[in-house]
1. Answer with one residue from TRP350, PRO137, THR319: the one whose Cα lies farthest towards the positive end of the charge dipole of the chain, charges on Cβ with Lys, Arg +1 and Asp, Glu -1.
2. Roughly how many debye, to the nearest 20, is the charge dipole of the chain about its Cα centre, given +1 on each Lys and Arg Cβ, -1 on each Asp and Glu Cβ, and no other charges?
3. Under a Cβ-only charge scheme (Lys and Arg +1, Asp and Glu -1), can you give me the dipole magnitude of the range 215-262 about the Cα centre, in debye to the nearest 20?
4. Could you sort out which of LYS104/LYS265; LYS104/LYS130; LYS104/LYS199 sit more than 18 Å apart by Cα distance in this structure?
5. Please report how far the C-alpha centroid of the range 107-128 lies from that of the range 239-305, rounded to the nearest whole angstrom.
6. Label the range 38-155 by shape, choosing from rounded, prolate and oblate, from the square roots a ≥ b ≥ c of the eigenvalues of the Cα gyration tensor; if a/c is under 1.5 it is rounded, and otherwise prolate applies when a/b is larger than b/c, oblate when it is not.
7. Can you give me the % of accessible surface on the chain that is carbon or sulfur? Probe 1.4 Å, all protein chains present, nothing else counted.
8. Check the straight Cα-Cα distances from LYS296 and name the lysines below 16 Å, setting aside those fewer than 8 residues away within the same chain.
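The values are calculated or read from the model by the stated rules, or taken from the named source; none is laboratory data. Computed from a prediction, not measured in an experiment: that's the story for all the values here. No Cβ is skipped: glycine too gets one built from the backbone with ideal geometry, and neighbour counts run over all protein chains shown. Ligands, DNA and RNA are excluded from the accessible area calculation, which covers all protein heavy atoms including side chains. Shrake-Rupley method; radii C 1.70, N 1.55, O 1.52, S 1.80 Å.
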Amino acid sequence: MSTPTPNNLTLIRPDDWHVHFRDDAILQAVVPYTASQFGRAIVMPNLMPPITSISAANSYRDRILAAVPEDISFDPLMTAYLTDTTDSNELAEGYEQGVFTAVKLYPANATTNSSHGVSDLHNVYGVLEKMQSIGMPLLIHGEVTDPTIDIFDREAVFIETILQPLIHDFRELRIVLEHVTTEEAVEFVTDRHASAPGKIGATITAHHLMINRTDIFRGGIRPHLYCLPIAKRERHRLALRKAAISGEGPFFLGTDTAPHSISAKESNCGCAGIFSSPVAMQAYAQVFDEENALEKLEDFASRNGPAFYGLPENEDTITLRRCERNSVDRVSVSGEDDVMPFLAEEGIIWSVN
Ligand code: DOR
Ligand code: ZN
């Protein structure tokens, strides 16, 4: 006989270790969704131009805070965008001052707004030395950019050809492999964690736990399910689910919520990104519930991330409740097109307060 699953669940307030807030009107529209569920979020720096300096990070942080509703306490954790010419002193100073929590590595042209990314890791070896010596984490978009490599293989090839040599050269560097999508990534992170605990973490998005590559073409092409790294075969989705519900230290929550206007998504050349912040904890709760693992959600969402980043857990809580299927509305952006959230078609069966 299976044990009945609970209809509500109170958790230490979770954090989102990977978000895109953008800027201006879209930032105003999306920040309240993340701030209402999460205590903190790691904010991606891929603006145009990217966030590369302490002063740019400080003013971006102020703009984010100005968009947080008054009755909510929310702490955006800023990241620096690594380029071929990043000054290691600027990063170290920003880290020391508590302005930068981490550094984001985009291989040049891997994804949205990544043209300023790193063209060859050897160009930033001096910066990585410095980060290693001060314990500053490197957050990695782990995909090779070689157009001859099949898009579904780009993460696995990155791990073998870039990440393994990187770890060989920087054994003490603290790394988060962001938005993992493959069985190979799960295995790599699990093994690395076993041999060097605290040196590696991995974020997992809600959408990669819910969709596989076939879903992108279910009944027609679905641009709102296109993101990078792209969703993979079913066996990879199942490996991600197993990792997330394991409650094991290196795996933690990172939505990679990435809003683009509907016209930018539904286009001749649609942008990569899934906007999930309005349904973030609802979606993770649904996955953990389907796996009969709701008791592991707190480790994944609220404990493992702070433990990796050396931060305290949040002091307050949130409560998730099972509900009738609720619809998920488009989000309007002042003066621009709406943004389409993840699960807008399916609806959600959990609510958060
Ligand atoms: O799908 C994605 N969207 N993947 C990324 O890596 C970037 C993000 C964005 O900024 O839109
Ligand atoms: Zn991202």
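1. Checking the options against the dipole of the chain, the answer is TRP350.
2. Working: 28 positive and 49 negative charges, 111 e Å.
Dipole size: approximately 540 debye.
3. Numbers: 8 positive and 4 negative charges, 51 e Å.
Value, rounded to 20: 240 debye.
4. Numbers: LYS104/LYS265 24 Å; LYS104/LYS130 15 Å; LYS104/LYS199 16 Å.
Violating the 18 Å limit, Cα to Cα: LYS104/LYS265.
5. Using only Cα atoms, the two centres lie 26 Å from each other.
6. Oblate is the answer for the range 38-155, as a/c is 1.5 or above yet b/c matches or exceeds a/b.
7. The computed percentage sits at 47.
8. Of all the lysines, those that pass the test against LYS296 - Cα under 16 Å, at least 8 places apart if same chain - are LYS242.
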